[in-house]
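Heads up: the structure comes next, in C-alpha cells.
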Amino acid sequence: MSDAQETLYLRISTDAPLAQAVGQKLPAGWRVGKSSAHRERLVFYDTFEEEAFRKGLAVMRRKGVLSVIDLDSGLVEAETPLIHTPPHFFASDLPECKARKKLLQCSRLRAFINRCAIDRFVTSWRIVDQEDKTVATLEFESIHKSDKSSEAVFPRYYSITPLKGFHKELSTMLMALPEPVDAYRVTSFRERFAGIMEAAAPTGKGYSSKLHLQLDARAPIHENVRRLLQFTSSIMEANEEGIRKDIDSEFLHDFRVSIRRSRSILRLLSGVFEPEKTAWALTGLRELGKRTNDLRDSDVYLLRRDEYTQLLPPSLRPALDPFFSDLEAEKRLHHRQFNRYLAGKEYPGFMAALKEFIAKEALPDEQTAPLAARPTGEVAVKVIRKALKKLLAHGRRANSETSDAELHELRIDCKKLRYLLEFFASLFPPKATVQAIRQMKSLQDNLGTFVDLSVQMEFLQSRLEALPADRGGIGEAAAIGGLLATLYREREKVREHFHEIFSGFDSSETGELFDELLAGLAEA
Amino acid sequence: MKTIALYSIKGGVGKTAAAVNLSYLAATAATPTLICDLDPQGASSFYFRITASRKHSSEKLLKGNDKILKQIKATDFPHLDLLPSDLSYRNLDIELSESKKPKKLLSKNLEGLEPEYRYLFFDCPPNLTLLSESVFRAADLILVPLIPTTLSIRTFTQLIDFFADNGLDASKIAGFFSMEERRKSMHREIVEEYQNHPAMLRQTIPYSSDVEKMGLTRAPLNATHPKSPAAKAYGKLWEEVKQLIVEN
C-alpha cells in the first residue's frame, strides 16, 4: 500500500457510497472501464518498542518483498526480498542491502515482530476520457484482518492514481467517485498506516521501559512508591511473552531492569512500608532476579560474538566456535528452565501477591512505617542527598589502588542515585534532572565498563577452568586466554581513569547542580 | 538507454506502425520505454490517443531535460510512455538551425531520460533535414522501413551514401522490408535480392489490413491482435533488433 507519488487517497467517512454508482457523475464522453478485483496480503513489522514507527518508517511485507516506507511521503525507501513471513526477524538477518541498513538504524538488538497481517481487497476501474484514453485508475480498498476471527473494523478508501502526464485532469477524475461528495476526506499514508495499526495491532502500543511518572510533591510518598511499583510490575508483565517466545534479548533485559529498579527504590525508601512487607517483597524480587541471571549471561555473551571474534587474530577465531555453540546450548537450557518457572505456580503466585500488596491504598501504621505519610517532595530531597553523600564518601575513600570491590560498590551507589533521580524526575525543573544525570554520565560509564569487563573476565576464567584438557581444548583455551589478556588491559585502563573522572564529578559544580535541583523541589 | 530511430525519407512506408508496435514490444518492467513522436503530424500520438498539453511546443523539446520530462504521458500500456508531438514541431528545423550545435542538440537534451528509460524510440518525420541529422547522431540504431520497390532501394543507398559523406556512422543503419506483398513479383524479387544485404534485417513485415486498422483501434496491433501475421512479424523483427543492439 505504499504510495505512488501521485496517488490521492480519500478516506470514506460516512456510510460507504455505492460502488455501483462509480463514474456516474463523469462529464460527457468520459466513463469508467470494467472493474477488476484483486487481493493482497500485507504484513507489518516493527520492534516491541515501535522503533521503526518512531523513526517515521513503516516496515511491510507484500508479495515476497519487504519494504521500508517513509510514513510522511508514503514512498518506498528501500526493499529486499523476504520469501517467507517470519513471526520475527532481526535486521542483521537480512542480506546486505539498503533495507538492512535502514532497519539496523532502528534497532540492532531488537527483533522486528509481525505486528499484524491484513488482507487488502481492491476493486479497480480505469477512468477513460473522451478519446477513450485511460487517464487514471480508481480503486476501492477494504481491509480485513487475515485472522478471520478478528472483528477489527478498518477505514475504507477510494484512491485515484492519474497516469503520468494526466494530473491536470484530476478534478474531472474526482467526478468518478460515487456520491455523496462530502463522504470523502483526503488522507495521508501516515494516517492510513495509523488506521490499520489502531484497528489491527493494539497490543504493545506505546510500550516504553523508560520511567515517566508525573508525581505530586505533596502527596504521601507511600502513594507514589506504589505507583512506581505498579509501573515496574506492569513492565515485567509486558515482557513475559517476549521472554517466553525468546524474540529478542531486550525483553529479559527490561524485565530485569524493572526488578532492579523496584528493589532499589524499596530499599532506599525502606520506611514507606511495614518492614516485614518490604522484606518479603525484596526477597521475592531478589529470588526472581537470580533466576534470570544465567539466561541473561547467555544472552549477553552470545550478543558479544562479533566483538569477541574481532578481538582475536584470525588464526584463533575458529577456536571460539565451540565456546559459542556451548553458549547456545546453555541458553536453550536456561530459557526452558526460566519458561517453566514463568509458567509454574510460584511466579504467577508471587506476582499476584506483589500486585495485591501494591494495590493496597491504606497508609500503613506510622509506628512501623514512619515515612509512609510524609510528602513525596520532602522524602525525595532527603534520600537524594543521602545517596549523593554516600556516593561521594565512598568515592573519596577509594585509595590510589582502587580495588575491584570498591569500584563495584561505587557502581551500585551510582545506580541507586540514578534510579532516585529518574523516579523523582517530574518533581524537578525539567532541565535540572537531565543535567544532573548528564553530570553523572561519565562516572557511570567508567564504573559500568569496569564492572562489565570484570564480570566478563570472571566468566571467561571460569570457562577456562572448566575446559576439558583432552578434547582439543587447546585452541579454545588460547582464544579465551587472548580475550582475557585484551579485556584485562582494557579494564586496567578504565581503572586508571577512575580517579580523574571521579574528581571531575566530585566538584563544586556537581554540588551546585544538585543544590539547584533540590532547591527547585523545596520551592515547589 | 538505447535509442532507436524509425526513419524514412519517404512517407507512408509503415514507419509509425513499426515505431508503435516495436515500442509496445520493447516495454517491460525491466525495460521501461519511451516513444518520442517527432513528426508534427503526430501519428504515433494519435495511435496512443494522446494529445500534447497546450503548453508543449518545439521550444520545450529544444530546451531539453526537465522541460521534456514534464510533457511525457503514460500510454494505456504498462511501462510505455510517450512524448507527444505538436504542430509546432514543423518549425523544428528553423529553430535547430538557430542553435549553436544543432546536430548534437537532441542527444544532449535527452540525457535526462537516461535514468527512467531503457529504450527510447524516435518516430521521425519523412524528410532529410537538420532534425534528421540530429536524430542520426543521437540514435544507436536507425531503423529504415522499405517498401520492396526499386525506388525505395535507391533512396536507401542514397541514405547510406549521405552518412558516409557527412561523417556519420553508416553501420547504425538497418533497413527492413515493410508492406511486403508476396503476390507482387517485384516485391518477391527485391526481397530475395536484398535480404542478405549487410544493412538489411532478415524479417519482413507483410502488407496487412490489420495494420491499417490501427487507425481505428488506436492501439498497437500487438496489443489488439497479437496472433495476426503482421503482429507476429513485428515480434520477430523486435527479436532481431534486440539482438542487433546487444551486438552493437
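The values are calculated or read from the model by the stated rules, or taken from the named source; none is laboratory data. Note that the structure is predicted; figures quoted are calculated from it, not measured. Don't worry about glycine lacking a Cβ; one is built from the backbone with ideal geometry, like all the others, and counts go over all protein chains shown.
Given the condition assigned to a loop (DSSP other than H, G, I, E, B), more than 25 Å from B:A138 (Cβ to Cβ) and among the hydroxyl-bearing types (S, T, Y), answer yes or no: does some residue in the range B:212-235 qualify?
yes
Please tell me if B:P115 is more than 14 Å from chain A (Cβ to nearest Cβ), more than 16 Å from B:K55 (Cα to Cα), out of contact with any helix residue (DSSP H, G or I) (no Cβ under 6 Å at 6 or more places or on another chain) and not in a helix (DSSP H, G or I).
Considered against the rule, which asks whether it is more than 14 Å from chain A (Cβ to nearest Cβ), more than 16 Å from B:K55 (Cα to Cα), out of contact with any helix residue (DSSP H, G or I) (no Cβ under 6 Å at 6 or more places or on another chain) and not in a helix (DSSP H, G or I), B:P115 comes out as yes.
Which of the residues spanning the range A:318-329 are farther than 9 Å from A:E476 by Cα, more than 27 Å from the chain's Cα centre (by Cα) and of a type outside the set (G, A, S)?
Correct list: A:D326 only.
Output the number of the condition that B:Q41 fails; it satisfies all remaining conditions of (1) of a type in the set (S, T, N, Q); (2) in contact with a helix residue (DSSP H, G or I) (Cβ under 7 Å, 6 or more places away or on another chain); (3) within 30 Å of B:T150 (Cβ to Cβ).
(2)
Within the range A:247-284, track down each residue that is of a type in the set (A, V, I, L, M, F, W, C), without any contact (Cβ under 8 Å) to a residue 40 or more places away in the chain, surrounded by 18 or more Cβ atoms within 10 Å (Cβ to Cβ) and closer than 24 Å to A:I384 by Cβ.
A:I259
Being within 14 Å of chain A (Cβ to nearest Cβ) and in contact with a strand residue (DSSP E or B) (Cβ under 8 Å, 6 or more places away or on another chain) is the filter here; which residues of the range B:26-42 pass it?
Selection gives B:A27, B:P32, B:T33, B:L34, B:I35, B:C36, B:D37.
Can you find a residue that is at pLDDT below 90, farther than 30 Å from B:E181 by Cα and within 12 Å of another protein chain (Cβ to nearest Cβ) anywhere in the range B:71-83?
Yes, the range B:71-83 has at least one match.
Being over 18 Å from the mean Cα position of the chain (by Cα), within 13 Å of chain A (Cβ to nearest Cβ) and either within 29 Å of B:K242 (Cα to Cα) or not in a helix (DSSP H, G or I) (or both): is that true of B:L105 here?
no
For the range A:133-192, what are the residues that are in a loop (DSSP other than H, G, I, E, B), within 14 Å of chain B (Cβ to nearest Cβ) and not charged (D, E, K, R)?
A:L163, A:G165, A:F166
Restricting attention to the range A:213-227, does a residue exist that is within 30 Å of B:Q71 (Cβ to Cβ) and either in contact (Cβ under 8 Å) with a residue 40 or more places away in the chain or within 14 Å of chain B (Cβ to nearest Cβ) (or both)?
Checked the range A:213-227: no residue is within 30 Å of B:Q71 (Cβ to Cβ) and either in contact (Cβ under 8 Å) with a residue 40 or more places away in the chain or within 14 Å of chain B (Cβ to nearest Cβ) (or both).
Checking A:A111 against (1) surrounded by fewer than 18 Cβ atoms within 10 Å (Cβ to Cβ); (2) in contact (Cβ under 8 Å) with a residue 60 or more places away in the chain, which single condition isn't satisfied?
All conditions pass for A:A111, except number (1).
Answer yes or no as to whether A:L391 is within 24 Å of A:V494 (Cβ to Cβ), modelled with pLDDT of 90 or more and surrounded by 20 or more Cβ atoms within 10 Å (Cβ to Cβ).
yes
Go through the range B:63-98 and give me each residue that's surrounded by fewer than 20 Cβ atoms within 10 Å (Cβ to Cβ) and more than 26 Å from B:T28 (Cα to Cα).
B:K63, B:L87, B:S88, B:R90, B:N91, B:D93, B:I94, B:E95, B:S97, B:E98
Within the range A:87-107, is there a residue that is more than 14 Å from chain B (Cβ to nearest Cβ), basic (K, R) and surrounded by 19 or more Cβ atoms within 10 Å (Cβ to Cβ)?
Scanning the range A:87-107, I find at least one residue that is more than 14 Å from chain B (Cβ to nearest Cβ), basic (K, R) and surrounded by 19 or more Cβ atoms within 10 Å (Cβ to Cβ), so the answer is yes.
Condition test on A:P430, is it farther than 30 Å from A:E241 by Cβ, surrounded by 14 or more Cβ atoms within 10 Å (Cβ to Cβ) and modelled with pLDDT under 95?
No, not satisfied.
Given the criterion more than 19 Å from the chain's Cα centre (by Cα) and either on the phi < 0 side of the Ramachandran plot or within 14 Å of chain A (Cβ to nearest Cβ) (or both), identify the matching residue among B:S53, B:S23, B:S58, B:S45.
B:S53
Please work out which residue is nearest to A:S67 (Cα to Cα), limiting yourself to the range A:114-132 and to residues that are within 14 Å of chain B (Cβ to nearest Cβ) and surrounded by fewer than 16 Cβ atoms within 10 Å (Cβ to Cβ).
Across the range A:114-132, the extreme among qualifying residues is A:D132.
Of all residues in the range B:109-164, which are among the basic types (K, R) and in contact with a strand residue (DSSP E or B) (Cβ under 8 Å, 6 or more places away or on another chain)?
Across the range B:109-164, the qualifying residue is only B:R118.
Among the listed residues A:R226, A:R190, A:R218, which satisfies the condition of being within 20 Å of A:I160 (Cα to Cα) and charged (D, E, K, R)?
A:R190
Does B:S132 qualify as being outside any loop (DSSP other than H, G, I, E, B) and surrounded by fewer than 20 Cβ atoms within 10 Å (Cβ to Cβ)?
no
Within the range A:386-438, how many residues are touching an Asp or Glu at 6+ places or on another chain (Cβ under 9 Å), of a type in the set (G, A, S) and in a loop (DSSP other than H, G, I, E, B)?
Residues meeting the conditions: 1.
Report whether or not B:L120 is touching a Lys or Arg at 6+ places or on another chain (Cβ under 9 Å), touching a residue at least 40 places away in the same chain (Cβ under 8 Å), within 14 Å of chain A (Cβ to nearest Cβ) and assigned to a strand (DSSP E or B).
Answer is no for this residue.
All but one of (1) farther than 13 Å from A:F193 by Cβ; (2) in contact with a Ser or Thr (Cβ under 6 Å, 6 or more places away or on another chain); (3) not basic (K, R) hold for A:V65; state the number of the condition that does not hold.
(2)
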